[in-house]
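These notes concern the structure reproduced below.
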Amino acid sequence: MDAPELGTSMIIEASADRRRLHDGAMSDGRMEDAVRAYERDGIGGLRAFVASPAGESWLDEVVAGSADTRASVAATWLLRAHVEAGEELGRARTAALLRALDRVDDDDARLHLCQTVASLDVPARNAEQLARFLRAGLAGDHKLVRAWAVDGLHRLARQHERYRGEALQALGRASRDPAASVRARVRRIEKERG
């Protein structure tokens, strides 16, 4: 699914787009530039956005874009890349992201968010919002979302004890899931748990 590596001209163009200053408006901000890059070049179009430094307002746009129907796949991929690079969202942005989860309606965006849970510091007051999102993922048809939703619930339970029993039950059910990818994710979790 990844696009081939970007050419130099594409990186320069995207970097110039990223340096423009905007007030966070989705219609003409950097998030819109990222969406266009994604629509044009797939994930490869987003790599340039990750490669060049971004300010705090850019991250706010990405969080807001996570729940935007047109921007959600690009925004959630950028969030995932951000946290996988060892960067933090911070508690306020994490809380904003978690409050918006019920508006995320694309399976690829849901997958990216489930894959991001391991890197989030989930505030107690927003934990149930994440748990509802992960439960919906566990019940869905998309096998990779199911796999990563069980992983996310396990990670949530590590931060918030009240989800431990539910996470263990979900692991048990997922170990019998017909999809090999779900069972493989359970094996990785079990190995991690020791």
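Taken together, the values in this text are just the output of simple stated rules run on the coordinates, not laboratory data. All values derive from a computational prediction rather than experimental measurement. FYI the Cβ positions are ideal-geometry reconstructions off the backbone, even for glycines, and counts take in every protein chain you see.
Can you find a residue in segment 135-143 that is under 15 Å from the mean Cα position of the chain (by Cα), under 22 Å from R183 (Cα atoms) and not β-branched (V, I, T)?
yes
Within segment 140-147, can one find any residue that is within 18 Å of A67 (Cβ to Cβ) and in contact with a Gly (Cβ under 9 Å, 6 or more places away or on another chain)?
Yes.
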